[in-house]
Structures are given as structure tokens and as C-alpha cells.
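Working notes, structure below.
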Amino acid sequence: MTAHFEINDNFIAEQNQKAKAWLEEDYEHLGKQLQRRGVNIEDVTAQAQAFQVAVPSWGVGTGGTRFARFPGVGEPRGIYEKLQDCATINQLVRATPAVSLHIPWDKPQDANDLRAYASSLGLGFDAMNSNTFQDQAGQKLSYKFGSLTHPDRAVREQAIEHNIECIEIGQKLGSKAHTVWIGDGGNFPGQQHFRRTLERYLESMRDIYKALPADWRVFMEHKMYEPAFYSTVINDWGTSYFCATQLGPQAQCLVDLGHHAPNVNIEMIVARLIQAGKLGGFHFNDSKYGDDDLDAGSIKPFQLFLVFNELVDAQTDGTPDFNPAYMLDQSHNVSDPIESLMLSAVELQRAYVQARLVDRAALSEAQVKCDALGALTTLKQAFTTDVAPVIAMARMRAGGAIDPLATYRASGYRQRKAEERPAQIGVSAGIV
Ligand SMILES: [Mn+2]
């Protein structure tokens with residue numbers, strides 16, 4: 001079935017026409033450069049075309065700060081409109097054919113209908129996400145003092161039930177994974193008994209784990225702080241890894257690039273989790289003020305490249321059962337979310353393609369010879385290669401835009417949506 005897109009294909013082709021001659025010239029030149037290194041540019045373009053990352057449903061709305069939210073115009077008012085925006089992102093970048101849902105924000109009245117609608121837009125569903133970090137209208141018990149780790153068994157059971165419901169909805173939608181992030185923790189010394197709290201987490205997660213279909217995985221997302229600034233229960237990859245090993249083979253760790261202390265070597269954490277067979281997936285984003293709210297690659301593109309360097313290394317090594325889920329997780333205050341998500345998807349593609357260009361034999365040789373700068377320059381050679389023509393060519397050949405941002409802005413999509421979707425209070429978008 002051909003997917004229905006909101007921007008006319010002819011319009012994209014017209015926009016592409018403006019840049020096509022230059023793109024072909026740049027592509028040819030890059031092809032010659034790569035040939036000198038023994039790399040066929042067509043292989044690299046095929047790799048770029050195969051790269052995919054899921055878009056978060058909550059990312060197409062404007063996020064907030066801890067103080068306020070400044071909504072944009074034409075924001076989606078429900079999951080069907082969120083999917084329209086996700087489809088537009090995919091139409092222009094051709095790298096984001098799956099959406100990650102957040103329940104209950106995106107809870108469908110009819111899961112079969114939602115699945116059919118997504119499919120008509122060329123979309124499928126990636127990992128499900130539960131929400132026990134805020135109270136919903138009409139909810140019986142409060143999560144103010146925790147959810148899966150709450151001292152009161154009844155609160156824990158309510159949170160477990162919610163997670164099981166997410167898995168059930170996900171099954172109807174064709175999802176194969178469930179992500180759990182909890183805001184549980186303490187803000188004062190002595191507020192929580194560290195060991196008993198973690199034991200309760202494991203106990204709750206065992207019940208959720210039992211509800212997993214055989215071909216599903218559960219991802220545990222750690223985050224070092226906020227809202228539990230003193231003692232977050234699942235605060236780091238070590239705790240996440242410990243829990244994943246306690247739960248069993250279907251439990252894995254999710255790395256959100258924003259959820260680490262400043263200066264932490266995230267690429268090494270990625271390598272550790274790969275080695276342990278516990279790397280479940282990623283929430284890609286970037287951060288400056290501590291958390292996960294900036295577009296991927298906006299602050300530390302070299303770090304993003306180094307993360308992908310580890311991923312490509314494991315991929316080309318033939319690491320068994322290596323299948324990390326790639327998801328974006330960002331939602332902030334000052335940009336058009338569609339623009340941000342498109343550009344983030346492109347940044348991931350760029351980092352992936354650059355990582356594929358690393359001369360692994362040369363790197364390995366430098367490592368064996370203890371040649372620190374030889375190793376670094378090998379990585380830098382790949383990182384400083386301008387692969388923009390490869391990614392643009394991959395997009396154009398798949399029907400996307402050579403310049404997604406310019407094409408999106410020229411299309412008038414946002415203005416059209418501003419008219420179709422009058423502002424509404426209480427849109428569920430946020431920072432997760
Ligand atoms: Mn996240």
C-alpha cells in the first residue's frame with residue numbers, strides 16, 4: 001500500500017530540482033575521495049538508506065521547562081494528529097518509519113483502528129512507554145511518593161497493572177518492546193531505605209516481566225536525577241544492568257544520552273552493555289543544562305559519533321543478538337518539533353554513516369601498537385568527512401527531500417495545521 005502523505009510529492013520533487021545539480025556534483029566528488037580510501041560510495045549510501053530511528057509521539061508537541069510551557073501553533077491534539085506529524089517527518093527524511101507511544105497520553109480507543117491508520121501513513125510502532133511519574137485524572141492512588149517502588153503494595157500493584165496494560169495495547173499495535181522509566185526516589189537523606197526500595201522495584205518488575213510475550217523485550221531507562229534529586233532508584237547504568245541480570249534475558253538497559261553525569265564516557269557505557277549482552281536501545285538527544293532536551297548532535301556531535309563507532313564496531317564484529325532499538329527522545333521549548341525531529345534523525349544518520357567510514361583495520365593496528373594519535377586520527381578522518389551528500393542522496397532516492405528543513409518550511413505544513421488544529425489546553429507532551 002502506498003502511504004498517504006500530507007505534502008504533495010510533486011512539491012518535494014520541485015524543491016529537490018533546485019538543489020539536484022549541486023548535490024550530484026558534491027556526490028561525485030565525495031565518491032572520488034572515498035574511492036581513494038577503498039570505499040565505494042554506493043555501499044555507504046545503501047547503509048544510510050537502511051538506517052532507521054523511531055520518533056517519540058510526545059516529541060511532536062512542544063515540551064516545557066519546570067516552570068512553564070509555551071505551546072506552538074498547530075500542535076497535534078491527539079494521537080491521530082501526532083501520527084500525521086510523524087508521517088510528515090518520515091516523508092521528508094525517510095529514516096523514521098516507526099513511532100514510540102506513551103500510555104496513557106496516547107491510549108487508543110480502538111487499537112486496531114489506530115494501527116490501520118498508522119499503516120496508511122507508512123508508519124509502524126516501536127517500543128511502548130508507561131507513565132507512572134504523574135497522576136492521571138481519576139486515578140485511584142497517587143504516585144507522589146513513588147510507583148513501582150512505593151512502600152504501599154496497593155500503589156505498586158496499580159503501577160504494575162498499568163505497565164501490563166501498556167504491553168497489551170502494544171501487542172495489538174505490533175510493538176515488540178516496552179520501556180519503563182520511573183521517577184521514583186527520594187529528595188531527603190533518610191527518606192527511603194535504599195536496598196528495600198530497589199528490592200521492591202525488582203519485585204514489581206518481575207510481575208511486569210512475566211507479562212511479556214516471548215518475542216518482546218523490556219527496557220529499563222535510568223536517569224541520574226530529577227525528580228528525585230537526592231536518591232533516584234534507577235540512577236545509573238550499573239543499577240540498570242544489575243536489575244536486567246536479575247530479571248532475565250528479555251530485560252535490557254536503555255541508554256538515554258541525556259541521563260548521565262556531565263563528562264561521563266557514554267560510549268564506554270555502550271561498549272560495556274554490548275559486552276554484557278544487555279544493550280536494549282537508545283533515547284537519542286543531547287543536553288547542555290543537564291538533561292535530555294536538546295536535538296541529537298546539537299552539543300556534542302563527536303560524542304554521538306563515538307557512540308555510533310561502538311555500535312558499528314559491534315555490528316561489523318557480528319556480535320550475537322545485537323539488536324539495539326534506536327529512538328529519539330526530545331521535546332523542548334523553542335523550536336518547531338517537526339523541524340527538531342527531522343534534523344535529529346539526520347544527525348543520527350550522519351553519525352552512523354561516519355562511523356561506517358572508520359578504517360577498522362587501521363584503528364586496530366594503531367591500538368595494538370599503542371599509537372594513541374594514530375588511533376585518534378583514524379577516528380577523526382571518518383568524523384571529519386562531510387557525508388552530507390550521501391545522506392541527501394539517500395533521502396532523495398527514497399522520495400524524501402534533499403533539504404528537509406527548507407522543503408518543510410516552504411510547504412506551509414505548520415500554517416495549515418495551525419488553522420486545522422486550534423489551540424487546546426492540556427496537550428500531553430513533555431520531557432521523559
Ligand atoms: Mn528518555
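Values quoted throughout were computed directly from the atomic coordinates according to the rules given, and no laboratory measurement underlies them. Source: prediction; values computed, not measured. Heads up, the Cβs are rebuilt from the backbone with ideal geometry, glycines too, and the neighbour counts pull from every protein chain shown.
With the cut-off at 17 Å, report for segment 1-42 the share of all Cα pairs above it, as a whole percent. Intermediate values should be presented prior to the final figure.
Working: 467 of 861 pairs.
For segment 1-42, the fraction of Cα-Cα distances above 17 Å is 54 percent.
Could you give me D for segment 6-74, from Stokes-Einstein at 25 °C and 0.890 mPa s, where the hydrodynamic radius is the Kirkwood radius over C-alpha pairs? Units µm² s⁻¹, please. D, rounded to a whole number, is 150 µm²/s.
If the segment from residue 36 to residue 136 were pulled out straight at 0.36 nm per residue, it would be longer than the present Cα-Cα gap by 30.1 nm. Can you tell me how segment 112-187 classifies by the Cα gyration tensor, rounded, prolate or oblate, using a/c under 1.5 as the rounded cut? Prolate, because a/c is 1.5 or more and a/b exceeds b/c. Per residue, the convex hull spanned by the Cα atoms of segment 299-432 measures out at 160 cubic angstrom.
With contacts defined as alpha carbon pairs under 8 Å and 6 or more residues apart, what's the relative contact order of segment 56-103 in percent? Walk me through the intermediate numbers first.
Numbers: 41 pairs, mean separation 20.2, N = 48.
It comes to 42 percent, rounded to a whole number.
Using the structure shown, list the pairs from 172/210; 107/144; 172/278; 20/380; 223/288 with a Cα-Cα distance above 20 Å, or answer none. Before the final figure, lay out the partial values.
Details: 172/210 18 Å; 107/144 22 Å; 172/278 26 Å; 20/380 29 Å; 223/288 15 Å.
The pairs that break the limit, which is 20 Å between Cα atoms, are 107/144; 172/278; 20/380.
A simple count of charges around residue 124, restricted to other residues whose Cβ falls under 11 Å of its Cβ and scoring Lys, Arg +1 and Asp, Glu -1, yields +1. Based on alpha-carbon atoms, the Kirkwood radius and the radius of gyration of segment 100-150 give Rg/Rh equal to 1.10.
Ignoring aspartates and glutamates fewer than eight residues from residue 18 along the same chain, the ones with Cα atoms less than 16 angstrom from its Cα are 9, 26, 403. Entry note, segment 1-101: relative contact order of 30 percent, from Cα contacts under 8 Å with a spacing of 6+ residues.
Quick one: pull the percentage of alpha-carbon pairs in segment 351-425 with a separation above 16 Å. The proportion of pairs with Cα distances above 16 Å equals 67 percent.
Calculated translational diffusion coefficient of segment 339-379 (10 °C, 1.306 mPa s; Stokes-Einstein with Kirkwood radius over alpha-carbon pairs) equals 138 µm²/s. Normalised by 2.2 N^0.38 Å, with N the number of residues, the alpha-carbon radius of gyration of segment 295-349 equals 1.32. Highest mobility in the GNM of the chain, judged by mean-square fluctuation with C-alpha springs under 10 Å and restricted to 21, 54, 111, is found for 21.
Across every pair of non-identical alpha carbons in segment 143-301, the mean reciprocal distance, once inverted, gives a Kirkwood radius of 16.2 Å. The convex hull defined by the C-alpha atoms of segment 92-225 has an orientation-averaged projected area of 9.6 nm². Fewest neighbouring Cβ atoms within 10 Å first, the residues 257, 379 line up as 379, 257.
In Å, the Kirkwood hydrodynamic radius of segment 246-298 over pairs of distinct alpha carbons?
Details: mean 1/r = 0.0843 Å⁻¹.
Here the Kirkwood hydrodynamic radius works out to 11.9 Å.
What percent does the relative contact order of the chain come to when contacts are Cα pairs within less than 8 Å and at least six residues apart? Result for the chain is 23 percent.
Which FRET efficiency value, to the nearest 0.05, do you get for residue 415 and residue 17 by plugging their Cβ-Cβ distance into 1/(1 + (r/R0)^6) with R0 = 25 Å? Mind showing how you got there, number by number?
Numbers: r = 23 Å, r/R0 = 0.92.
E(calc), rounded to 0.05, equals 0.60.
The alpha carbon radius of gyration of segment 210-369, expressed as a multiple of 2.2 N^0.38 Å, is 1.07.
How big is the antiparallel share of DSSP beta bridges in the chain, given as a percent to the nearest 5? Display every interim value, and only then the final one.
Details: 4 of 29 bridges.
Roughly 15 percent of the beta bridges in the chain run antiparallel, per DSSP.
Using bins of 5 Å that start at zero, the share of Cα-Cα pairs per bin across segment 6-165 amounts to 2, 7, 12, 13, 14, 13, 11, 9, 7, 5, 4, 3, 1, 0, in whole %.
P(r) tail, segment 42-104: Cα-Cα pairs separated by more than 17 Å, 49% of all pairs. In segment 269-321, the alpha-carbon atoms span a convex hull of 78 Å³ per residue. Evaluated at q = 0.07 Å⁻¹, a Debye calculation over the C-alpha positions of the chain (equal weights, vacuum) places log10 I(q)/I(0) at -0.35.
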